[in-house]
Amino acid sequence: MTARKATEIDAQAEQELIQRVAAGDEAAFEVLYERYFPRVFHFLAKRLGNRADAEEATQEAFINIFSSIESFRGESAFAAWVLGVTRRTLAGRFKKKRHATVPLEGREEPDSIDLLRSALQREPTPLEYYECGERLSQLDDTVRNGLSEVQRKLFVLHHLHHHSIQDIARTLHKSEDAVKSNLYRARKLLLTQ
């Protein structure tokens, strides 16, 4: 049998399977499920990164495939249609996870400022105090032992005293590129802590 003939038979068998599923044949749906489960699951697992979420999304995708199978018109390969339904299922899951937004229309500015002020005046928890202290200790250690004297000086001048790179370069008799390079290395080292 030629490859073309085998493809025609496979397409014909798949079309019959689709018609049987559309008619409510559970055995046909089981065949379809077993045939496409690996593709759908792999597609979702790759994007979700969590096995439990991927399994749940796969079941949801197959419910959507089953409930909308009558909309398959055969204009493209059935596998492409299945993955299209799977993509829409995934997109729907992401839409569901969006947090509700609160419209700010009609709000007066002083109320907004009061809300912000009250949020900023909240007392930190003991854990937040501890974590902040640990972070400061790590940064202080990095500044003392990880940065060169030149990097410390440049960092203080640029980020704490707000001098421009041009002013620092002129004052320290360095090129602007040398200042930028040293600042980059200092920030990179501090950000890794």
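For Val40, the criteria (1) modelled with pLDDT of 90 or more; (2) over 14 Å from Phe78 (Cα atoms) hold in every case but one, which is (2). Within region 63-92, residues that are closer than 15 Å to Gln15 by Cα sit with their Cβ atoms under 7 Å from residues that are aromatic (Phe, Trp, Tyr) and not in a helix (DSSP H, G or I), at 6+ positions apart or across chains, in these pairs: Phe78/Phe72; Trp81/Phe72.
The values are calculated or read from the model by the stated rules, or taken from the named source; none is laboratory data. In this text the structure is predicted, and so the values were computed from the model without any measurement. Glycine gets a Cβ as well: all are built from the backbone with ideal geometry, and neighbour counts include every protein chain shown.
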